[in-house]
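Accompanying notes for the structure given below.
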Amino acid sequence: MTKNQAIFPAGRHDLYEQHRYSAAIKSGDLLFVSGQVGSREDGTPEPDFERQVQLAFDNLKAVLDAAGCTYDDVVDITTFHTDPESQFDVVAAVRQRNFTQSPHPNWTAVGVTWLSGFDFEIKSIARVPATR
């Protein structure tokens, strides 16, 4: 039986401990990454929306790196948006800058009413390569 392993990126451990969750869980060859937001170093939301989205992708990348993965290993992403109609083009552009290789991961975009002060969040599932 596979034992789950918690994965944490460098820094930000206080955030995870305070809210009692893991940045990601590795189970077998799968990595389940918790929702990542675009926070500044002090944990507050980045006010510029495009920058907030890029910071969320940067935080996702840091978690992937900690597990020995890259964007190329991501098979599924789910994004959450507080105003999908007005935000979609910005999110799509940032996503395209980060996920540049085909095949691109599955993508589900969900409109929500609350993200604890943030306007965007991204979670993902990745396959951990056997050679890493």
Table column - 3J(HN,Hα) (Hz), the range 86-103, Karplus curve with 6.51, -1.76, 1.60, x for Gly and Pro: 8, 9, 4, 4, 5, 4, 4, 5, 5, 4, 5, 5, 9, 9, 9, 9, 7, x
Distance between Cα centroids, the range 17-55 to the range 81-132: provide it in whole Å. 12 Å
Whole-Hz Karplus couplings 3J(HN,Hα) for the range 113-120, θ = phi - 60° and coefficients 6.51, -1.76, 1.60, Gly and Pro as x, run 9, 8, 9, 6, x, 9, 10, 8
Answer label for mean projected area of the Cα convex hull in nm² (calculated), chosen among [x] 8.3; [y] 8.9; [z] 7.9: [x]
Once amide hydrogens are built 1.01 Å from N within the peptide plane, the residues lying 5 or more places from LEU30 or on another chain with amide H under 5 Å from its amide H are VAL128
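Just so you know, all these numbers are worked out from the coordinates, no wet-lab data involved. Predicted model only: the values in this text are computed from it and were never measured.
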